[in-house]
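Quick notes on the structure that follows.
The values are calculated or read from the model by the stated rules, or taken from the named source; none is laboratory data. Quick caveat: nothing in here was measured; it's all calculated off a predicted structure. Cβ coordinates were reconstructed from backbone atoms using ideal geometry, including for glycine residues, and neighbour counts include every protein chain displayed. Accessible surface areas use protein heavy atoms only, side chains included; no ligands, DNA or RNA. Shrake-Rupley method; radii C 1.70, N 1.55, O 1.52, S 1.80 Å.
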Amino acid sequence: MPTAALYDIHGNLPALDAVLADLDASGADRVVVGGDVVAGPFPSETLRRLRDLAVPTYYLRGNAEAEALRAAAGRAPGGLSERADEEARWLAATLSATDLAFIATWPPTVDLVVPPWGRVLFCHATPGSDSRVFTERTPEAALPPLFEGVDADLAVCGHTHLPFDRAAGSLRVVNAGSVGMPFGRTGADWLLLGDAVEFRHTDYDLADAAGRVRRSGYPHADAFAQRSVESVPGKAAALAMLAALEEAQSGEHR
């Protein structure tokens, strides 16, 4: 029973469509959608495409969904930046009441039995936070506390848009990367859990996708087309940015 993990789609419908074509060929018969689905140029269309999937599909909430729901309720979004808060308010005004009600049902984590891996915990960032940053460079000793109390054989996360495979004590932790806003190289990153843990990469027509994004009416369309489709931050630059955010968060938790 191969299970696909699609994380951080960020409303990038062209990237999602390319991944879904690869997913059909992969034989995956379950999909976990790992949060940060709608924060991007095609939020409603992305939700519709996912809801039309013919295989069992499990959703969990990312920080972008949590921020949009807070904005829809008239509260401060509480995003990681003013731009994130602006996006949350745009999503709250753009998504239908039906879409928002659907998103509100998504849990923070999903727990599945995935042969041959056993019990697998899917979370957006960590089990206790939808926005906590850690990367392949985070010191080993810092990881077990982030997964304290987790009873699983494998954990799958996202949020930082860079795939990795490492350990939090005895727990194997893998990052699925990002379908719609990858770091490191253009295209789309996702994860397939079958006989192996497969980090998958799907290329798609970037020029066509960028044109569609620019015609979408999304407030940040040109920046998204330039920085998340036509080109993306390199791995070294992304890790440096994430390290600064991780350090700031670590100070908050001391």
Regarding Arg75, is this residue more than 18 Å from the chain's Cα centre (by Cα) and under 17 Å from Pro108 (Cβ atoms)? no
Being buried (at least 20 other Cβ atoms within 10 Å of the Cβ), at positive phi and out of contact with any Cys (no Cβ under 8 Å at 6 or more places or on another chain): is that true of Gly184 here? yes
Please tell me if Phe147 is of a type in the set (Phe, Trp, Tyr), more than 15 Å from the chain's Cα centre (by Cα) and within 24 Å of Leu91 (Cβ to Cβ). no
Need pairs with beta-carbon distance below 6 Å; first residue more than 13 Å from Gln249 (Cα to Cα) and within the stretch 112-134, second assigned to a strand (DSSP E or B) and among the acidic types (Asp, Glu); sequence gap 6+ or separate chains. Leu121/Asp111
Selected residue [among the hydroxyl-bearing types (Ser, Thr, Tyr) and surrounded by 15 or more Cβ atoms within 10 Å (Cβ to Cβ)] from Thr105, Thr94: Thr94
Determine the pairs where a residue that is over 17 Å from Ala97 (Cβ atoms), located within the stretch 60-77, has a partner that is aliphatic (A, V, I, L, M) and open to solvent by less than 60 Å² (accessible area, probe 1.4 Å) with Cβ atoms under 6 Å apart, the partner being 6 or more residues away or on another chain. Leu60/Val110; Ala64/Ala39; Glu67/Ala88; Pro77/Ala71; Pro77/Ala88
Quickly run through the stretch 111-133 and pick out the residues that are among the hydrophobic types (A, V, I, L, M, F, W, C) and over 14 Å from the mean Cα position of the chain (by Cα). Leu112, Val113, Val114, Trp117, Val120, Leu121
Taking the conditions exactly as written (of a type in the set (Gly, Ala, Ser) and either at pLDDT 95 or above or in a helix (DSSP H, G or I) (or both)), does Ala76 satisfy them or not? no
Please return the ranges of strands (runs of 3 or more DSSP E) entirely within the stretch 131-178 where 2 or more residues are open to solvent by 10 Å² or more (accessible area, probe 1.4 Å). 164-168, 171-175
Inspect the stretch 71-84 for any residue being at positive phi and surrounded by 16 or more Cβ atoms within 10 Å (Cβ to Cβ) and give the result as yes or no. no
So if I check each of Ala28, Ala92, Ala97, Ala73, which one is small (Gly, Ala, Ser) and in contact with a strand residue (DSSP E or B) (Cβ under 8 Å, 6 or more places away or on another chain)? Ala28
Name, by its number, the condition in (1) out of contact with any Asp or Glu (no Cβ under 8 Å at 6 or more places or on another chain); (2) more than 19 Å from Leu193 (Cβ to Cβ); (3) in a helix (DSSP H, G or I); (4) open to solvent by 30 Å² or more (accessible area, probe 1.4 Å) that does not hold for Thr46. (4)
Take the residues of the stretch 195-245 that are in contact with a Gly (Cβ under 9 Å, 6 or more places away or on another chain), of a type in the set (D, E, K, R) and more than 20 Å from Arg137 (Cα to Cα): which is least open to solvent (accessible area, probe 1.4 Å)? Arg200
